[in-house]
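The values are calculated or read from the model by the stated rules, or taken from the named source; none is laboratory data. Just so we're clear, the structure is a prediction, and the values are computed from it rather than from any experiment. Quick reminder, even Gly has a Cβ in these numbers, built from the backbone with ideal geometry, and neighbours come from all protein chains shown.
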Amino acid sequence: AQKITQTQPGMFVQEKEAVTLDCTYDTSDPSYGLFWYKQPSSGEMIFLIYQGSYDQQNATEGRYSLNFQKARKSANLVISASQLGDSAMYFCAMRPFTGYSTLTFGKGTMLLVSP
Amino acid sequence: NAGVTQTPKFRILKIGQSMTLQCAQDMNHNYMYWYRQDPGMGLKLIYYSVGAGITDKGEVPNGYNVSRSTTEDFPLRLELAAPSQTSVYFCASSYSGLAGPRNTGELFFGEGSRLTVL
């Protein structure tokens with residue numbers, strides 16, 4: 001079974017600063033994918049970034065980057081130059097690439113960006 | 001581009017009533033999922049399907065049923081609604097469970113259905 005742990009219930013950051021949202025995972029599968037989703041107050045789930053366990057480089061998507069440390073089983077999301085629109089709930093998730101795999105989510109971190 | 005469409009968006013049920021949440025996707029994805037989201041608890045998998053005619057239980061299947069007669073549709077049935085089923089329900093789909101050069105296994109979500117059982 002997979003487990004995702006997000007230890008920060010809430011984070012505060014000022015506009016234009018960088019912020020790191022923590023995520024650790026536990027799995028016995030040799031290959032897997034790690035995902036981050038954003039859920040604004042409107043409720044929809046927005047895919048942000050993906051990292052494969054076999055990828056040599058950390059994933060980046062615009063202002064989002066994933067700090068992947070395989071030995072530590074961590075997949076932290078880094079948001080650079082925060083914007084007011086980044087205020088939302090952020091979920092870390094993973095799925096193993098074996099059999100009929102499904103996505104397991106963490107409990108989420110609420111990010112509030114202040115002016 | 002419709003993507004994943006869920007209906008209804010809001011519903012209030014009385015205890016003991018039954019209802020079906022509809023979900024349809026137009027991306028020809030073979031995997032479909034139902035999650036529920038409770039406050040502070042993240043998303044928990046109720047049921048999933050890897051193709052038409054194939055369904056399996058997730059983490060919290062009790063009180064729910066699903067069917068998958070077509071690739072496009074994956075309805076979730078609530079029988080004998082209980083207050084514990086008050087939640088936001090998300091339907092999602094993905095190309096497959098396996099990663100490939102053009103596929104991360106990313107889930108595409110519907111907008112959610114807010115269900116209240118009183």
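Here are some notes:
- Pairs where the first residue, in region A:93-115, is surrounded by fewer than 19 Cβ atoms within 10 Å (Cβ to Cβ) and of a type in the set (Lys, Arg) and the second is outside any strand (DSSP E or B) and modelled with pLDDT of 90 or more, C-beta under 7 Å, 6+ apart: A:Lys107/A:Gln6
- Each residue in region A:3-22 was checked for being out of contact with any Pro (no Cβ under 8 Å at 6 or more places or on another chain), farther than 20 Å from B:Pro39 by Cβ and in a loop (DSSP other than H, G, I, E, B), and 4 of them qualify.
- Filter pass, B:Gly105 being within 10 Å of another protein chain (Cβ to nearest Cβ), of a type outside the set (D, E, K, R) and over 14 Å from the mean Cα position of the chain (by Cα): yes
- For region B:56-64, the criterion of a residue being farther than 21 Å from A:Ala1 by Cα and of a type outside the set (S, T, N, Q) is satisfied by at least one position.
- Residue identified as farther than 18 Å from A:Trp36 by Cα and crowded, with 21+ Cβ neighbours inside 10 Å among B:Tyr64, B:Tyr33, B:Tyr89: B:Tyr89
- Residue count, region A:67-115 (criterion: among the polar types (S, T, N, Q) and over 18 Å from A:Gly33 (Cβ atoms)): 6
- Those residues of region A:46-63 which are in contact with a Ser or Thr (Cβ under 8 Å, 6 or more places away or on another chain) and farther than 14 Å from B:Gly105 by Cα, in sequence order: A:Tyr54, A:Asn58, A:Ala59, A:Arg63
- Test: residue in region A:95-107 that is within 29 Å of B:Ser113 (Cβ to Cβ), modelled with pLDDT of 95 or more and of a type in the set (A, V, I, L, M): no
- Against the numbered list (1) closer than 19 Å to A:Lys107 by Cβ; (2) of a type in the set (A, V, I, L, M, F, W, C); (3) surrounded by 13 or more Cβ atoms within 10 Å (Cβ to Cβ), A:Phe68 comes up short only at (1).
- Within region A:1-56, the set of residues being among the aliphatic types (A, V, I, L, M), more than 16 Å from the chain's Cα centre (by Cα) and within 13 Å of chain B (Cβ to nearest Cβ) comprises A:Ala1 only.
- Residue within region A:75-91 that is among the small types (Gly, Ala, Ser), at the interface with chain B (Cβ under 9 Å from one of its Cβ atoms) and within 11 Å of A:Asp22 (Cα to Cα) present: no
- All conditions but one from (1) closer than 18 Å to B:Ser96 by Cα; (2) among the aliphatic types (A, V, I, L, M); (3) surrounded by fewer than 18 Cβ atoms within 10 Å (Cβ to Cβ) apply to B:Val50; the one that does not is (3).
- Inside region A:4-28, residues that are among the β-branched types (Val, Ile, Thr) and more than 15 Å from A:Leu112 (Cα to Cα) make up a count of 5.
- In region A:12-25, the residues that are on the phi < 0 side of the Ramachandran plot and at pLDDT 95 or above form Cβ pairs under 7 Å with partners that are assigned to a loop (DSSP other than H, G, I, E, B) and of a type in the set (Val, Ile, Thr), at six or more places apart or across chains, as follows: A:Asp22/A:Thr7.
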